[in-house]
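Some notes on the structure that comes next.
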């Protein structure tokens, strides 16, 4: 239990860091009156949107709560509610600090680039540490309660179900937040650009554009709040499923199980500390490279995590060379034991053999850190302005809109290759070290750095907003130049987070599937389910699972297109009815545009968000009706893998491609291929517009979608078995 | 053997039909001198390209022939050579008739719409019947030789291997032809449009554009020759793998096996006859609907095929109610028998139980016909100008290039849903009727209509060319209007063929995997290979298999972008060096552009075409080195399914999306949303450009890619087992 307390303390430290740092941010000057005016309009819009979004989600949440209470009992219901509330809280707090930091960043950038960087990054770090801290606290406190005051054994089915329900709560909120926020931000962004830049010929963020405030609100509710909820979900699901897998797969006495199950919490805890240390390293070097400054923070955290993980693993497990599991096994038995476990042939009631050492787990976690580092590197290659991919899109812009988009799509497709190969190698290596548990710990180590990764990402929308405020408030040109420089890096860091989240999902896929098969063997011991690829229901499940990200992507893209069209109509109407707007003599009605986008985003997010919740349930019942329960479970299991096999590629291609398009535009704006206003620039603006819903709406929402599909399947099993 | 003779006779009839009909086509007037000049430039370019393409493929083919001769022996080598030669021949003959029919169609369209339609469709029908006829002859004659003069039993391993090698020959040629032709046609098309329509402001097919002949050559070498080779491959692989599956999975005496293995040939034979009858039904009705005229032909063939299939099945099998298989089994045993077979637990040496009747097979084939009909219907919905998808893209064009592309991508993603659901239902229904053999017969019935489907497709490039020739030769405006009307329908029929080919691949996936597992059990009886989804090597195989279509698509898109860029440079150079071109006083150098595109296409096609050949081999050896042969085979098997699970979606989305973009442009050109020259039209041109490599390069080439990956795996097994 000491280890759980350590995790709780680290979680509290993260929250305290958030408090202290947000105080620092808020104590900075919010600029002149004009800037404060603009900022408060953004704040108002963001708060109004989030309020409505949460109200809608609350209705869905209440329905789900009732269903869970009836089918799975009180503890799972509490878990669900905690997960849902904290996921919402993470997004809410992140948004709140972000809408205050934007104007302060603009003000700080008047002083120096370093000033702007520090302000923006600090506010990002608040969000980052709150995501990790709240995530850790949610699981650690709940686990403490269940194994302590509630007196349950660590591998009690109730704990397994309650932790799964906690993850479900986080996932459910996050898919709504990711998608709703994503639709909002891109509908406003695309709509504002189309009618402003393209039609009216006024620059981006021009205060005469009635959609300009909505665009800035979007950065906060989509790229900040939505992203924070998503990463909170990824954090909770990854740590949760690692603990659940230990409970399901390892047979050991309660003390050893407790230690092993606490280890992910301890890792999460110490990595929060290393992340906090890393945040203080973000400082411009002599070269003045912003990316370099952010990397200093990231690499400090990552490198410090190596010894930290070793120390805490040794402390938790005691002996790093002791064979873990129910008993010590010879090396030769190990493969057979894993086979028995991974094929679901074992259930927790019979002795399951599994043998690996603490050192093995340590190396698995090093693999996880390496995957994180490699994904950062690959993402920078595909989305950074210094490398072939972005340059090739910029070059293709010279021959027009069409070739820009063709090259961007080519890069999107290509960008899936290296991350997939990295994930594949990591899966095999971790599996060979410690089986499914090894893969789970790899994913846990990846997510342990979430605080730092989210900090880098949440920094982006703040700088984006700061630039908008600088423009609208008519600040000096050099301020806008500085915020633009800060923002360009934001495109890469945003792409990094998405690649990182979906990469961890790829790693966790087998773990989630392992949990599914083990649950199945536990709940339905008499049922033989054939997960072989030669079972046609497995093929059916794979195909229908693979369809989900496509259908989901189609919904997301259509929603943005439709809502952006509505924005265009609205803005055209305002220009028409009030010619004073374009002359700069009267103020456009910003609120009406914000309100329009709010309603559109809420309306459009519901159906696609329910798709991954209802599809697995529908598939199970239909196939069971056609060919019996064994076929139903086989199809359902295959769907879980189908959704990741296809979702990984859809998400990676969309997020990398979108980032590359955006930076190709920035690369041209930096004076290449004719610079701003050239034909190449116009083509690049088209590519950027196409990439917007790719990278910020459809692509990132695939990650929570995959998780939801998996978790719903696990809960369905529990509900069918009548446990509660 | 009588049945095989029947098939051979039908194949000969198809070839005769081709001869007679091409005579009819050639006897029509080739128009005035100017038209003939243009047509001969196109002919020359097409012949030059195909000559170089075949030379390059011949080198690869020779290397593969040597490898096969060493590893698999003489019969397989002969099979490979036959498949390769006839695949090449199908493309060559199709191209040859197409480059002659184009000018005659233009001339006929001067008379009437019906005249143009008849001419274009007849030449398409020549290609269609030759594809089906040559495909059927290749398998039937080879099978006749092997079971007759060579004296082999129908299920001799040598026959299995030789038929597989035949399919490999067809596939290998077709991937080069599809991809090379696809790169050629779209590089020329995109390049010509960019520099002509966009930069110089001259209309499409303006003779002043130096890339205009290359564009027309592209239609013939890509959409006609490449498509014909592709469908030839699909035909041969589907019929071949059905026969191989019967040989592998069914235990019966030689006479019954012979009858069953001849059945796919007989089905192919009678459906050639029904397709020929259908071609005579293509006539404009009172409404004057071109699509309606083509549908009359298609539906006649499809409906006539129902009784034809029933009669020939009854004739072949004798008794439609007799249980087929080694012995009659009770219904209750049936599932267990299938299970044993499908899990690969059986090998051909032990009695394998399998029971279904001729009636069951008949219904499976009806499912295949239904899938074909539904895919036609779904494709028309997604790509026709009368329905929501295309209209939504046209509407989105009003707000600019970006929203056009966004909506097009959304439609691309969405268009995968219905075909997938149709395929999933077909797989389950056919499997429940007659197991894997049932699915195989469903796919066979789909492909039996290939003659008609290819006819509808090959009609497209002819009308496209006819329009070009009409423009360049300065024919009356109404001629161009007629050819444009004929061409618009071509976009849908082209999309239909691609959906149909990839849909049949989806259906055949389980059959190919069944062949793989059965081969594995035969060749390596002592090896236990775990194809369960909980085996990490299965996940690895699925992920890497899923990566292949993405990487392949990236190569294809990049190649088109790069080659189109080179065309733009070349044309700009010609305009600059010779100002007389734009004034219409001097003739541009068409040949130099054709030559440039030829070289680019050949260069760019090689690496991506080798990807599916080498990837399965590399994966097997790497995984075997890491974790032994059982893991290697598991990963390889999973790769086969991964490539279809992801390839199905990539191909469907690209081909439907591309067709929808193209027709959205045509819909605007018909006077909607401002018509030609409006801002919406410019945006739609961008969408069309983006859709070009989607639908004509990367998307369609995924189909042969999937087959190659599967067949290489089967041949690898045989080679590893040292058979030959």
Lone unmet requirement of (1) modelled with pLDDT of 95 or more; (2) surrounded by 19 or more Cβ atoms within 10 Å (Cβ to Cβ) for residue B:342: (1)
Some residue of segment B:146-156 being closer than 25 Å to residue B:272 by Cα, part of a helix (DSSP H, G or I) and touching a residue at least 12 places away in the same chain (Cβ under 8 Å): yes
Check on residue B:603, in a loop (DSSP other than H, G, I, E, B), at negative phi, surrounded by fewer than 21 Cβ atoms within 10 Å (Cβ to Cβ) and touching a helix residue (DSSP H, G or I) at 6+ places or on another chain (Cβ under 9 Å): no
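Which members of segment A:518-533 meet the condition of being within 9 Å of chain B (Cβ to nearest Cβ) and crowded, with 24+ Cβ neighbours inside 10 Å? Give the steps one after another, and end with the answer.
Of all residues in segment A:518-533, those within 9 Å of chain B (Cβ to nearest Cβ) come to A:530-533.
Matches in segment A:518-533: A:531, A:533.
Per-residue answers, yes or no, for (1) part of a helix (DSSP H, G or I); (2) more than 28 Å from residue B:686 (Cα to Cα); (3) under 15 Å from the mean Cα position of the chain (by Cα); (4) touching a residue at least 40 places away in the same chain (Cβ under 8 Å):
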position: B:187; (1), (2), (3), (4): yes, no, no, yes
position: B:193; (1), (2), (3), (4): yes, no, no, yes
position: B:203; (1), (2), (3), (4): no, no, no, yes
position: B:226; (1), (2), (3), (4): yes, no, yes, yes
position: B:240; (1), (2), (3), (4): yes, yes, no, yes
position: B:261; (1), (2), (3), (4): yes, yes, no, yes
Odd one out for residue B:537, checked against (1) more than 14 Å from chain A (Cβ to nearest Cβ); (2) surrounded by 24 or more Cβ atoms within 10 Å (Cβ to Cβ); (3) more than 15 Å from the chain's Cα centre (by Cα): (1)
Residue in segment B:572-593 that is touching a helix residue (DSSP H, G or I) at 6+ places or on another chain (Cβ under 7 Å), within 14 Å of another protein chain (Cβ to nearest Cβ) and crowded, with 24+ Cβ neighbours inside 10 Å present: no
Members of segment A:534-555 found to be outside any helix (DSSP H, G or I) and either touching a residue at least 40 places away in the same chain (Cβ under 8 Å) or within 12 Å of residue A:645 (Cβ to Cβ) (or both), listed by number: A:535
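Here is a check on your reading of the model: is residue B:592 free of Cβ contacts under 8 Å to residues at least 60 places away in the same chain and assigned to a helix (DSSP H, G or I)?
Numbers: free of Cβ contacts under 8 Å to residues at least 60 places away in the same chain: no; assigned to a helix (DSSP H, G or I): yes.
Answer is no for this residue.
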Number of the exception - residue B:312 against (1) modelled with pLDDT of 85 or more; (2) surrounded by fewer than 16 Cβ atoms within 10 Å (Cβ to Cβ): (2)
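Can you tell me which of A:290, A:250, A:272, A:246 is touching a residue at least 60 places away in the same chain (Cβ under 8 Å) and under 21 Å from the mean Cα position of the chain (by Cα)? Don't jump to the end; show me each part of the working.
Details: A:290 fails: under 21 Å from the mean Cα position of the chain (by Cα); A:250 fails: under 21 Å from the mean Cα position of the chain (by Cα); A:246 fails: under 21 Å from the mean Cα position of the chain (by Cα).
Only one candidate qualifies: A:272.
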Residue within segment B:228-251 that is out of contact with any helix residue (DSSP H, G or I) (no Cβ under 9 Å at 6 or more places or on another chain) and farther than 26 Å from residue B:84 by Cα present: no
Selected residue [more than 9 Å from every other protein chain (Cβ to nearest Cβ) and under 27 Å from residue A:709 (Cα atoms)] from A:544, A:548: A:548
Test: residue in segment B:82-92 that is closer than 29 Å to residue B:212 by Cα and surrounded by fewer than 23 Cβ atoms within 10 Å (Cβ to Cβ): yes
Segment B:486-517, subset within 14 Å of chain A (Cβ to nearest Cβ), under 16 Å from residue B:700 (Cα atoms) and modelled with pLDDT of 90 or more, residue nearest to the chain's Cα centre (by Cα): B:502
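Would you call residue B:695 touching a residue at least 60 places away in the same chain (Cβ under 8 Å), buried (at least 24 other Cβ atoms within 10 Å of the Cβ), within 18 Å of the chain's Cα centre (by Cα) and farther than 18 Å from residue A:533 by Cα? I'd like the intermediate steps shown before the answer.
On the way: touching a residue at least 60 places away in the same chain (Cβ under 8 Å): yes; buried (at least 24 other Cβ atoms within 10 Å of the Cβ): yes; within 18 Å of the chain's Cα centre (by Cα): yes; farther than 18 Å from residue A:533 by Cα: yes.
Yes.
The values are calculated or read from the model by the stated rules, or taken from the named source; none is laboratory data. If you're wondering where the values come from, they're calculated on a predicted model, not measured in any experiment. No Cβ is skipped: glycine too gets one built from the backbone with ideal geometry, and neighbour counts run over all protein chains shown.
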